[in-house]
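Shown next, in structure tokens, is the structure this report addresses.
The values are calculated or read from the model by the stated rules, or taken from the named source; none is laboratory data. None of the values given here were measured: they were computed from a predicted structure. Quick reminder, even Gly has a Cβ in these numbers, built from the backbone with ideal geometry, and neighbours come from all protein chains shown. The accessibility values were calculated without ligands, DNA or RNA, using every heavy atom of the protein model including side chains. Shrake-Rupley method; radii C 1.70, N 1.55, O 1.52, S 1.80 Å.
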Amino acid sequence: MKLARTSSTAAAATAVLAVLSLATACNRESTASAAAGGDKPPIGIDLPRSDSDFWNSYAQYVEKDIKSDGINALPVSNSQNDVTKLVANVQVFQNTGAKAVVMAPQDTGAIASTLDTLASKKIPVVSVDTRPDKGDVYMVVRADNRAYGTKACEFLGKQLGGKGKVAEFQGALDSINGRDRSEAFAECMKTKFPKIKVFELPTDWKGDVASAKLQSLLAQNPDLNGIYMQAGGVFLQPTLALLEQKKLLKPAGQKGHITIVSNDGIPQEFDAIRKGQIDATISQPADLYAKYALYYAQAAAEGKTFKPGKTDHDSTIIKLPNGLEDQLPAPLITKDNVDDKSLWGNDVG
């Protein structure tokens with residue numbers, strides 16, 4: 001890149017000094033990061049958003065594991081559900097010497113060119129929770145999201161006796177997670193519970209959108225008796241608040257109770273299950289997402305490789321067209337197992 005001409009020799013000297021100072025500062029930063037992680041290769045980590053209790057929990061586990069595992073992490077960024085910011089953050093990682101990158105792209109179709117760039121630079125990528133549609137990935141750390149939709153359908157169908165009306169808060173359909181959960185839920189309902197009418201409500205993972213659409217739906221369908229929330233981290237509180245406002249938040253077992261199944265496994269969902277406000281959730285392992293994202297990023301930076309098959313941590317690695325995916329366990333949580341101490345949602349430490 002050409003520098004614009006300055007009006008004097010003094011101005012040019014000032015510009016050179018500024019560049020040298022910036023380089024010195026960056027070197028100090030790199031040295032400090034290397035000291036924190038010893039001789040380990042530097043890892044770039046981007047958090048996807050901070051408007052969800054689930055992702056905030058994930059961020060806390062990432063911070064904890066960086067320290068406990070001695071990861072040489074570059075300054076952690078947050079792309080705030082904006083693919084443009086994610087691309088810019090990844091560029092910073094690339095420029096500051098990252099040997100591997102951890103990301104959780106929310107728009108799984110728009111990240112392909114960035115993945116191609118990283119592949120050309122031989123910087124492996126670990127994608128958390130979401131599977132990029134195209135572009136090479138070293139490892140996807142994720143649970144089987146189609147199973148989320150199927151488990152939610154089967155639970156609701158049985159609870160409702162195979163008939164009724166269900167609202168489905170769909171996640172963003174430009175995300176593989178939103179598509180997987182929505183498609184599996186629809187297929188299961190059509191096949192196993194054809195007498196249940198499903199109202200599909202696209203939300204783009206936004207709680208206020210879900211609440212507004214639910215309010216409109218209830219005005220036309222006051223006999224709604226089921227809700228499937230694809231992400232409790234963003235949908236739980238606005239949904240409970242609306243139902244309470246309309247005097248529809250009746251505890252499980254009481255006449256008029258709306259059966260609710262969610263996805264995430266956050267502590268707030270567990271409390272709602274105990275209170276009878278919701279009936280079930282699927283525990284998405286925020287703790288294991290953080291642990292194994294960093295584990296695979298470290299392995300990738302050190303040149304290690306993996307093969308499809310069973311792992312030593314109760315999961316299965318599967319082959320993808322563009323890489324590998326470690327599918328971590330994600331159990332259905334109800335009143336019967338909500339107090340299980342092994343669940344991360346019960347981790348109070």
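Checking the conditions here, which among Lys307, Lys335 is among the basic types (Lys, Arg), open to solvent by 90 Å² or more (accessible area, probe 1.4 Å) and closer than 30 Å to Asn72 by Cβ? Going through Lys307, Lys335 in turn, just one is among the basic types (Lys, Arg), open to solvent by 90 Å² or more (accessible area, probe 1.4 Å) and closer than 30 Å to Asn72 by Cβ: Lys307.
Contact map, the range 60-86: first residue on the phi > 0 side of the Ramachandran plot, second residue surrounded by 15 or more Cβ atoms within 10 Å (Cβ to Cβ) and among the charged types (D, E, K, R), Cβ cut-off under 9 Å, separation 6 or more or different chains; pairs are Gly70/Lys40; Gln80/Arg49; Asn81/Arg49; Asn81/Asp107. Taken over the range 191-238, the criterion of being touching a residue at least 24 places away in the same chain (Cβ under 8 Å) and open to solvent by 80 Å² or more (accessible area, probe 1.4 Å) is satisfied by Lys192, Lys195, Lys197, Glu200, Lys206, Asp208, Gln215, Asp223, Gln237.
If you go through the range 47-55 one residue at a time, do you hit one that is open to solvent by 30 Å² or more (accessible area, probe 1.4 Å) and part of a loop (DSSP other than H, G, I, E, B)?
The answer is yes; a qualifying residue exists.
Here is the figure for the range 260-303: residues that are of a type in the set (Val, Ile, Thr) and in contact with a Leu (Cβ under 6 Å, 6 or more places away or on another chain) total 2. Gln277 meets each of the listed conditions (1) under 21 Å from Ala59 (Cα atoms); (2) in contact with a helix residue (DSSP H, G or I) (Cβ under 9 Å, 6 or more places away or on another chain) apart from (1). Residue selection: Pro251 fails the criterion of being farther than 15 Å from Gly149 by Cβ and either of a type in the set (Ser, Thr, Tyr) or part of a helix (DSSP H, G or I) (or both).
Looking at the structure I just gave you, is Gln268 of a type outside the set (Phe, Trp, Tyr) and open to solvent by less than 30 Å² (accessible area, probe 1.4 Å)?
Numbers: of a type outside the set (Phe, Trp, Tyr): yes; open to solvent by less than 30 Å² (accessible area, probe 1.4 Å): no.
In short, no.
Across the range 136-172, the number of residues qualifying as open to solvent by less than 10 Å² (accessible area, probe 1.4 Å) and of a type in the set (Lys, Arg) comes to 1.
If you go through the range 297-319 and keep only what is assigned to a strand (DSSP E or B) and of a type in the set (A, V, I, L, M), you end up with Ile317, Ile318. Filtering Ala186, Ala172, Ala231 for residues that are within 16 Å of Ser262 (Cα to Cα) and at pLDDT below 95 leaves a single hit, Ala172. The number of residues in the range 274-293 being among the aliphatic types (A, V, I, L, M), open to solvent by 10 Å² or more (accessible area, probe 1.4 Å) and in contact with a Lys or Arg (Cβ under 8 Å, 6 or more places away or on another chain) comes to 0. Counting the residues of the range 141-165 that are under 30 Å from Val102 (Cβ atoms) and in a helix (DSSP H, G or I) gives 8. Per the conditions (1) modelled with pLDDT under 95; (2) open to solvent by 30 Å² or more (accessible area, probe 1.4 Å), the sole criterion not satisfied by Ala330 is (2).
Filtering the range 239-265 to residues that are open to solvent by 40 Å² or more (accessible area, probe 1.4 Å), under 12 Å from Gly276 (Cβ atoms) and among the polar types (S, T, N, Q) leaves only Gln254.
Looking at the range 76-124, which of the residues that are charged (D, E, K, R) and either assigned to a loop (DSSP other than H, G, I, E, B) or open to solvent by less than 40 Å² (accessible area, probe 1.4 Å) (or both) is nearest to Asp51 (Cα to Cα)?
First, the residues of the range 76-124 that are charged (D, E, K, R): 82, 85, 99, 107, 116, 121-122.
Now narrow it down to the ones that are either assigned to a loop (DSSP other than H, G, I, E, B) or open to solvent by less than 40 Å² (accessible area, probe 1.4 Å) (or both): 82, 99, 107, 121-122.
On the way: Asp82: 12, Lys99: 29, Asp107: 16, Lys121: 32, Lys122: 32 Å.
This residue is Asp82.
Within the range 125-136, being within 14 Å of Asp46 (Cβ to Cβ) and assigned to a loop (DSSP other than H, G, I, E, B) holds for Asp129, Thr130, Pro132.
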